[in-house]
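The values are calculated or read from the model by the stated rules, or taken from the named source; none is laboratory data. Computed from a predicted model, the values in this text were never measured in an experiment. Backbone-built Cβ (ideal geometry, glycine too); neighbour counts: all protein chains shown.
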Amino acid sequence: MVKVMRSIVRGPLAPHITGLAAELLERGYTRSSAEQHICFVAHLDRWLLAEGLGVHDLSESTIKRYLTERRAAGYVLYRSSKAMVPLLSFLAPLGVLPAEPPPRLDAVGELVGRYRDYLLTERGLSSGTVAGYVHVVRPFLASRSRGDELDLSGMTAADVFEFVLASCPGRPTGSAKLVVTVTRSVLDWCT
């Protein structure tokens, strides 16, 4: 049993909770925010213990099942997969998470993955910023998909203009600017 930031953890996450709390504070979480997140992880820990599961069972399907049950129980905070990111980011380098089979990528998925790697490694963007870029770039590249092939060489300025115009109505100004920025970025990267 480990008590960290007012939460007691005695299940499979107990060996990792102190390190996670320290990392949250190092990442800039306020003490209050870190305490809330540790409380959420303690709830996950109790659920894993009740289900007879360990850290090595934290697969995508297990996480979906947990979050579904959490939402059904009426919780209003920490109900989506986004809430799992700090914990999973902390556990991944430790090698304690299950190995997920790599998804089969189509041409769009492969190019998006290479673009994501470029943004993270060569541009040094944060994972949150990269996630926002990827969210915008995937539909842009998908609009250029012809079956199993991507037709980027036949793209014209009118095609790009049409995509941006179709994507921006109803978006807040900042979101519309992001569409333009990301489209420009991926086109620069592709050339």
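Do we find that LEU67 is assigned by TED's automatic domain parsing to the domain that holds SER89, under 19 Å from the mean Cα position of the chain (by Cα) and under 18 Å from ALA92 (Cα atoms) in this structure? Taking the combined requirement at face value, the residue does not satisfy it.
Let's see how each residue does on (1) surrounded by 14 or more Cβ atoms within 10 Å (Cβ to Cβ); (2) under 30 Å from SER185 (Cα atoms); (3) assigned by TED's automatic domain parsing to the domain that holds ARG6:
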residue: ARG31; (1), (2), (3): no, no, yes
residue: CYS39; (1), (2), (3): yes, no, yes
residue: LEU53; (1), (2), (3): yes, no, yes
residue: LEU87; (1), (2), (3): yes, no, yes
residue: TYR115; (1), (2), (3): yes, yes, no
residue: TYR118; (1), (2), (3): yes, yes, no
residue: LEU125; (1), (2), (3): yes, yes, no
residue: VAL136; (1), (2), (3): yes, yes, no
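Against the numbered list (1) over 30 Å from GLU35 (Cα atoms); (2) in the same structural domain as LEU25 (by TED's automatic domain parsing), ALA83 comes up short only at (1). Residues considered: GLY128, GLY74, GLY113. Of these, the only one that is over 15 Å from the mean Cα position of the chain (by Cα) and free of Cβ contacts under 8 Å to residues at least 12 places away in the same chain is GLY74.
Within the range 1-18, the set of residues being under 21 Å from the mean Cα position of the chain (by Cα) and assigned to a helix (DSSP H, G or I) comprises HIS16, ILE17. Here is the figure for the range 56-71: residues that are in contact (Cβ under 8 Å) with a residue 24 or more places away in the chain and in contact with a Phe, Trp or Tyr (Cβ under 8 Å, 6 or more places away or on another chain) total 1.
Take the conditions modelled with pLDDT of 90 or more, among the small types (Gly, Ala, Ser) and under 25 Å from the mean Cα position of the chain (by Cα) and apply them to SER185. Does it pass?
Values: modelled with pLDDT of 90 or more: yes; among the small types (Gly, Ala, Ser): yes; under 25 Å from the mean Cα position of the chain (by Cα): yes.
In short, yes.
In the range 9-21, is there at least one residue being of a type in the set (Val, Ile, Thr), surrounded by fewer than 19 Cβ atoms within 10 Å (Cβ to Cβ) and under 20 Å from LEU94 (Cα atoms)? Within the range 9-21, one or more residues are of a type in the set (Val, Ile, Thr), surrounded by fewer than 19 Cβ atoms within 10 Å (Cβ to Cβ) and under 20 Å from LEU94 (Cα atoms).
Considering each residue of the range 60-69 in turn, at least one proves to be within 26 Å of ARG27 (Cα to Cα) and at pLDDT below 90. ASP106 passes every criterion in (1) more than 30 Å from GLU149 (Cα to Cα); (2) more than 16 Å from the chain's Cα centre (by Cα) apart from (1). Entry remark, the range 138-171: residues being in a helix (DSSP H, G or I) and surrounded by fewer than 11 Cβ atoms within 10 Å (Cβ to Cβ) number 3 in total.
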